[in-house]
Structures are given as C-alpha cells and as structure tokens.
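Shown next, in structure tokens, is the structure this report addresses.
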Amino acid sequence: MNQNYCMKKIFVVIACLFSYFAHAQYQQDVVSEDAIIKALYDVISGPSTQNRDWDRFRNLFTKEARMMTVAIHKDSGKVVRTITPEQYIERNGKRLQEIGFIESELNRITESYGAVTHAFSTYKSDYTVNGTPMKAQGINSIQLFNDGKRFYIVSVYWDGDSKLIMPKKYQGQ
C-alpha cells in the first residue's frame, strides 16, 4: 500500500476518535431540555479569571443554528441581528471573560410537540464594566430539536432590554 494513503487513513481514524471523545465528555449536557439550557447558561458564564469552554458551547448547537438579538438602531428603532454560534464566540468570547459575565436563569416556560421544544427563559446577568458592577435582565426564546438521541439548540433569540418591565408570568418565584 502507498505510505501516503496509510497515513491519511490513520489521520482520519485519529480525527474521528478525537471528535468522538470530545463530544462524549459533553453528553450529559444534551440528554434533556433542562440539561441543554443549563449548559447554555453555564458555558457563557464565569468570573473574569475563567476561560470559557467553547467546544462545549459548539456541541450544544445544530450545524445550521442561529443566534439573534434585538438591538437598537439609531435610525430605525429596534432591529434583529443574526449570527452563527461561531460568530458569537468570535465577537463575545474575549469580552465575556473580561467583564466576568454571569448569567442565571430566573424562570422558564416550555412547550413541546414531537421533536420540537420551545422555551421562554428569562435571565439576569451580572458583570463589571471599567470596575463598575452592572446588572441586566432579559428573555431568551430557545428552540430545541430532539433527534431521539439528544437535544440540539436550533436557535436562541433574545431581548436584553433591561428597561422593559418583565411580566409576572416570566418572573418565576
């Protein structure tokens, strides 16, 4: 056999094994809707001294997943900004660590039908900007897909406008 062919086969096998073991360590994150939503909050949160586990984050999403946020546009009011999970990491990864971002779920209302689950998940965030402690609150609209083996996040759409008054049904206890 050609030596290059054998080396390529060995490389493919090693890459497949690495991928399997990398995802196996995150299996508990995707066994239920509770687990995957907890993992989502957990992976983006941490003190400024803690690196985020972006491989764990990537494992939560389908390949086609999208993340959308409501943003203020100076000319047209509120708009929706859409990115991929990879773009979220690129744009926010370093900043989340710098500001010591901690986001906690306050309450959740979940509905499911077949392989589709939708969760309205309200949250509070604590972080520090230029030495000043800050707080925020908002809502995540999280769409999940269950393929019968695990859950995946299809999309996360959020509004983090802390000036809005949160309805009682989303406040929890």
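The values are calculated or read from the model by the stated rules, or taken from the named source; none is laboratory data. Just so it is clear, the model here is predicted, and its values are computed rather than measured. Every residue, glycine as well, gets a Cβ built from its backbone with ideal geometry; the counts of neighbours run over all protein chains shown. Side chains are part of the model used for accessible areas, which takes the heavy atoms of the whole protein and leaves out ligands, DNA and RNA. Shrake-Rupley method; radii C 1.70, N 1.55, O 1.52, S 1.80 Å.
Over the chain, what relative contact order in percent results from Cα pairs under 8 Å that are six or more residues apart?
Relative contact order of the chain: 21 percent.
Sum -39500 (n - 2.57) across every DSSP H segment of at least 4 residues in the chain, then divide by the residue count to get the 222 nm mean residue ellipticity, nearest 500.
Details: 5 runs with 58 residues, N = 173.
Per the formula, -10500 deg cm²/dmol.
Using 0.36 nm per residue, how much length does the chain from VAL31 to ASP147 gain when fully extended, once their Cα-Cα distance is taken away?
Full extension from VAL31 to ASP147 adds 40.7 nm.
With a point put 7 Å past each Cα toward its Cβ, work out how far SER76 is from ASN130 in nm, to one decimal.
3.1 nm
Take the alpha carbon gyration tensor of segment 21-121, find the square roots of its eigenvalues, order them as a ≥ b ≥ c, and report rounded if a/c is under 1.5; if not, report prolate when a/b exceeds b/c, else oblate.
Oblate.
For volume of the Cα convex hull per residue in Å³, pick the label among [x] 94; [y] 182; [z] 172 that corresponds to the value derived from the coordinates.
Recomputing volume of the Cα convex hull per residue in Å³ here picks out [z].
List the aspartates and glutamates whose Cα lies under 16 Å from the Cα of LYS149, skipping any in the same chain that are fewer than 8 positions away.
Excluding near neighbours in sequence, the set is ASP29, GLU33, ASP34.
I need the Debye-formula profile for segment 72-112: one equal scatterer per C-alpha, no solvent, reported as log10 I(q)/I(0) at q = 0.15 1/Å, two decimals.
Computed log10 I(q)/I(0) values: -0.69.
Cα to Cα, under 21 Å, and not fewer than 8 places away if on the same chain: which lysines meet these conditions relative to LYS74?
Answer for LYS74, where 21 Å is the Cα cut-off: LYS163, listed by chain and number.
Under a crude label model (7 Å from the Cα following the beta-carbon direction), how far is TRP54 from ARG95 in nanometres?
Going by the 7 Å Cα→Cβ label model, 1.5 nm.
Going through the cross-link list LYS63/LYS94; LYS38/LYS169; LYS78/LYS169; LYS9/LYS38; LYS9/LYS94, which pairs have a Cα-Cα distance over 31 Å in this structure?
The answer is LYS9/LYS38; LYS9/LYS94.
Kindly rank 118-127, 86-95 from highest to lowest mean number of other beta carbons found within 10 Å of each residue.
Numbers: 118-127: 18.1, 86-95: 13.9.
Highest-to-lowest ranking by the protection proxy: 118-127, 86-95.
For the chain, what is the accessible area per residue in Å², given a 1.4 Å probe and the full set of protein chains? The partial results should precede the final answer.
Working: 11360 Å² over 173 residues.
Ligands and nucleic acids excluded, the result is 66 Å² per residue.
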